[in-house]
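Please read the structure below before turning to the comments.
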Amino acid sequence: MELLGLLILGVLAWRPGSTWAAESAGNASEGLLEFSVGRFRYVSLSRAFPKEAILRDIPSNVSFLIIQIHSQHQNTTISFSKVPLPNASATGMDTGLVLALQPEQSQCSWHLQTGEAGPVQSLAVPLSYTERDPVPGGCNLEFDLDVDPNIYVEYDFFETTIKFAPANLGSARGVNPLPCDVSSGQDSRWRLQYDIYQYFLPEGDLTEGAALQHLQRMAGVAQVAANALKVVTLTEDDKTTMSFSSLGGQGVIYNVIVRDPILNTSAAYVPVHTYACGLGTPQGGCSTLELFFMGFIIAGFLFYILVTRVTPAAYDVRLILTAVVGCIGGLLVVAVWWRFGTLLLCLLCPGMVLGTLGYGVLLLTPMGNLGVFQDDAVYWVAFCLMALIVPVIFLACLRVMNILACGLVGSYTVVLAVGSYSYTSLSFITLNILKRALYPDFRRAFTSVPLQTNDFILLAVWGMLAVSGITLQIRRELGQPPFPPHPYKLWKREQERRVTNVLDPSYHIPPLRERLFGQLAQIKELFQKEESTGERTPLLL
């Protein structure tokens, strides 16, 4: 069945004889797009004006082609027939087809179209491979095409998942490809390995030109290896799927390089890009980033996790409730300090917040992608230890811990506030912890984020604000006691002093209740009309 499908594709794409001779006259017929192997070409498509493309002078050592087309956020269709057939066409923003060449075939053609009424700017390229190269998607059993070189992406607020079909070993022109599941030895497709690559677009750049320009760096094997970050290598024991942390509003390109370790050859799948949001739709949310500040308010942080996990409340309702509960939590901490002055209990909160911030920074490094952190027990035990170890370390110098917490956490909130208007990856320091708490399957996600110009600028701002804030607090506290008496104690002491010291002018101040009644009486007099006394005439005797 697979061979039959490849033969059909070859027949559709190869039209020998007088037809080619007629098209060769004058280089190309009207409306025909000329392509060269490995050369990108911009194509403007619309529903009323589909395009037909042609590739000439294909080298004889080329066994198969991968022809692909990309657009930023609108679907396009590539097919080997004017009317797209189910097994000979693909539709999407990043799509491609594999064409197995026939003996002596040196030319082929395909059709490009879109269902959009307006013009769709797209980018197309044919890439060639030899018989020694593996065939991406050659052992597809999940998707529609018999040979499917495409990568399929799904995303939500928490994670972005890519899926692709397994590859097969290459074969010469006109030779049947090897069966996919007959054997599992080193002479079968099971020896193939899959390198998954990730490439970040410039931060905050949602333009069409940037997407199409950077997709050119992720199409071929050499280009992908030179420009992208290799995330992981999958082998025969792994599923052909991978999850990443969703970076809403940040453009990311993914690609897979399939390698044959015995022949030392490789081939690239069709790259796919995503912004983890609905670009081009009013409800997409790419232009407004959702950023969470409640990580620094323990009550709000815990309440948001609770209300999200157990209730179906809308996002805005959850934010309002979280803000209210966060304020209540902050007032309770202040009330405990005002009344009882319990230093250890009150300073436990800033210490835990500082530890949480440190844990988030640690997880944003390559250490956060270690396999051990995919275990929920290890992850949350490490979280608790990191949150508690800071107060324990600074137990003998609580004032230093409080100054550090205020300086580092306070300056980080400034960074987050700036990030609300200019994209920054630093927001994921706390956001990834929140995602892990809300979505259990997030443990599978690869949490790599880009560090680009905006991030380095905000890192410098964060550092300067933290250093200046810490320095200012240390200078202000020189010569002062570690912590002043709590306000209730000062108020009580003042009350006792006023009662016993009759020479103190404040001793003669009326009680608060009498002063309030006096003020109310004065205000009431302002609204009363003065009574007329009439005319008085003295009596004359």
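The values are calculated or read from the model by the stated rules, or taken from the named source; none is laboratory data. It should be emphasised that the depicted structure is a prediction, and the values quoted were computed from it without experimental measurement. Cβ atoms come from the backbone with ideal geometry, glycine included; neighbour counts cover every protein chain shown. Areas reflect the complete protein model, heavy atoms only, side chains present, ligands, DNA and RNA absent. Shrake-Rupley method; radii C 1.70, N 1.55, O 1.52, S 1.80 Å.
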Could you tell me whether region 241-264 includes any residue that is open to solvent by less than 30 Å² (accessible area, probe 1.4 Å), at positive phi and under 21 Å from the mean Cα position of the chain (by Cα)?
yes
Filter result for residue 322 (open to solvent by less than 20 Å² (accessible area, probe 1.4 Å), at pLDDT 65 or above, in a helix (DSSP H, G or I) and polar (S, T, N, Q)):
yes
Identify all residues within region 432-441 that are outside any loop (DSSP other than H, G, I, E, B) and open to solvent by 10 Å² or more (accessible area, probe 1.4 Å); write none if there are none.
432, 436, 437, 438, 440, 441
Determine whether region 197-212 contains at least one residue that is crowded, with 17+ Cβ neighbours inside 10 Å and of a type in the set (S, T, N, Q).
yes
When residue 145 is run through (1) open to solvent by less than 20 Å² (accessible area, probe 1.4 Å); (2) outside any loop (DSSP other than H, G, I, E, B), the failure sits at (2)
Going by the conditions given, is residue 121 part of a loop (DSSP other than H, G, I, E, B), in contact (Cβ under 8 Å) with a residue 40 or more places away in the chain, under 31 Å from the mean Cα position of the chain (by Cα) and under 21 Å from residue 214 (Cα atoms)?
no
Given the condition closer than 21 Å to residue 101 by Cα, modelled with pLDDT under 90 and open to solvent by 50 Å² or more (accessible area, probe 1.4 Å), answer yes or no: does some residue in region 153-170 qualify?
no
Can you confirm whether region 343-355 contains a residue that is open to solvent by less than 10 Å² (accessible area, probe 1.4 Å) and touching a residue at least 24 places away in the same chain (Cβ under 8 Å)?
yes
Kindly provide the set of residues from region 213-230 that are β-branched (Val, Ile, Thr) and either farther than 21 Å from residue 71 by Cβ or surrounded by fewer than 15 Cβ atoms within 10 Å (Cβ to Cβ) (or both), ordered by number.
221
